[in-house]
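Structure first, commentary second.
The values are calculated or read from the model by the stated rules, or taken from the named source; none is laboratory data. Worth saying up front: this structure is predicted, and the values here are computed from it rather than measured. Using ideal geometry, Cβ is built from the backbone for each residue, glycine included, and neighbour counts are taken over all protein chains shown.
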Amino acid sequence: MLEIFIRQTIDLLKKSDIQFQRTEIMPITLIHETGVKQINIQSKVSYSNVNLSDNLILQVMIMFTLLDAVIDSKYPNLEGKSFRSKYRNLPCDNDEELIFKEIYRLMKIFRNASVHSISAINFTGESVVIDYEYNNSVFKLEITKSGIGLLFAYILDSFESRNDLTDNHILAFRRSLYDHLISEIKEFSDDFKTNLQLIPSNQLRLKRSVRYQVRNPTYIIKGKDLIEITSPYLSDQPNRGVDYLVEFKGKKALIPDEILKNNQLSYRELNNWLILKKDS
């Protein structure tokens, strides 16, 4: 029943008019003889008239309920526990778990204010401010509307399996999203009385708004263990990234431009970017 609820809720959100800040993949085919590029713009999902965008409280309740249901499904030992207890007991052994845990922490403030202190939620220009006290703790969150869009994008993306991206792409996108989200938060405090956790700066981030996916790059083998992309593609905007789809020794790899050094990559590093089929 829980899995059905999650699936139906995701379907509802996809059909709504909420604008999620999700990563857009734009395939590119190079015509090497002329140097011309052909961009195949994929048609976006058409949204129906399920009008949710004007009702932040309803959005918060749906998103939080979805996130909380996932915790109950993934960690059955936490089912029935308080939101505070769930947060405290969520694992935090890697970046993926850290991001999930802190997203839940942020959404907990939204949810509790929406249910118990709706007057504590106020709009100021391009920001939303939550400010209330409970059990001798000050709960405060000032976040931009863009930040809320990032929160919701993370939650929706968490439930979709992507066969066109590697796991390392997805994690690097989430690190970038989380960094961006943190930058959109102007003030924060809650009952744990600590700052939101940050991801170490030495961990890989990839540009996530738009990715140009070059489907037919040319490359050569240099030396014993290097692949060099000989048809590098320059993105037209600095915040957009590029990936190269390379077929090598019967395997497919999707190589981010951000990790290349002089357009080169070692065989050993290539193994980190293999596209593997995943269960839906």
> If you scan the range 22-61, which residues turn out to be assigned to a loop (DSSP other than H, G, I, E, B), modelled with pLDDT of 55 or more and among the aliphatic types (A, V, I, L, M)?
Replying inline: LEU52
> Restricting attention to the range 180-196, which residues are surrounded by 15 or more Cβ atoms within 10 Å (Cβ to Cβ) and among the charged types (D, E, K, R)?
Replying inline: GLU184, ASP190, ASP191
>> Conditions first: (1) modelled with pLDDT under 95; (2) closer than 22 Å to ALA153 by Cα. GLU79 passes all but one, so which condition is the exception?
In response: (2)
>> Can you tell me how many residues within the range 168-184 are more than 13 Å from GLU102 (Cα to Cα) and in contact with a helix residue (DSSP H, G or I) (Cβ under 9 Å, 6 or more places away or on another chain)?
In response: 9
> If you check GLN197 against the conditions, is it touching a Lys or Arg at 6+ places or on another chain (Cβ under 7 Å), of a type in the set (S, T, N, Q), part of a loop (DSSP other than H, G, I, E, B) and modelled with pLDDT of 95 or more?
Replying inline: no
> Is at least one residue of the range 202-210 of a type in the set (Lys, Arg), more than 17 Å from the chain's Cα centre (by Cα) and assigned to a loop (DSSP other than H, G, I, E, B)?
Replying inline: no
> For the range 261-280, what are the residues that are more than 18 Å from ARG205 (Cβ to Cβ) and either surrounded by 13 or more Cβ atoms within 10 Å (Cβ to Cβ) or of a type in the set (Lys, Arg) (or both)?
Replying inline: ASN263, GLN264, SER266, TYR267, ARG268, LEU270, LEU274, ILE275, LYS277, LYS278
> Which residues, counting only those in the range 211-222, are outside any loop (DSSP other than H, G, I, E, B), surrounded by fewer than 15 Cβ atoms within 10 Å (Cβ to Cβ) and either of a type in the set (Val, Ile, Thr) or modelled with pLDDT of 95 or more (or both)?
Replying inline: ILE220, ILE221
> Among GLU269, GLU247, which is the only one that is more than 23 Å from the chain's Cα centre (by Cα) and in a strand (DSSP E or B)?
Replying inline: GLU247
> Which ones in the range 57-76 are farther than 19 Å from LEU141 by Cβ and without any contact (Cβ under 8 Å) to a residue 12 or more places away in the chain?
Replying inline: LYS74, PRO76
> Do you know which residues across the range 78-131 are free of Cβ contacts under 8 Å to residues at least 60 places away in the same chain, touching a strand residue (DSSP E or B) at 6+ places or on another chain (Cβ under 8 Å) and not polar (S, T, N, Q)?
Replying inline: PHE110, ALA113, HIS116, ALA120, PHE123, GLU126, VAL129, ILE130, ASP131
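Let's see how each residue does on (1) within 14 Å of the chain's Cα centre (by Cα); (2) among the aliphatic types (A, V, I, L, M); (3) within 24 Å of ILE4 (Cβ to Cβ); (4) part of a helix (DSSP H, G or I):
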residue	(1), (2), (3), (4)
GLY80	no, no, yes, no
ILE103	yes, yes, yes, yes
ALA113	no, yes, no, yes
SER146	yes, no, no, yes
> Quick check: is even one residue across the range 161-170 of a type outside the set (Lys, Arg), surrounded by fewer than 17 Cβ atoms within 10 Å (Cβ to Cβ) and outside any loop (DSSP other than H, G, I, E, B)?
Replying inline: yes
> In the set PRO217, PRO232, PRO238, which member is touching a helix residue (DSSP H, G or I) at 6+ places or on another chain (Cβ under 8 Å) and on the phi < 0 side of the Ramachandran plot?
Replying inline: PRO232
> When the residues of the range 223-260 are filtered to those that are exposed (fewer than 13 other Cβ atoms within 10 Å of the Cβ) and of a type in the set (S, T, N, Q), which remaining residue is nearest to LEU30 (Cα to Cα)?
Replying inline: THR230
> Only one residue in PHE192, PHE173, PHE188, PHE152 is closer than 24 Å to TYR87 by Cβ and modelled with pLDDT under 95, so which one is that?
Replying inline: PHE152
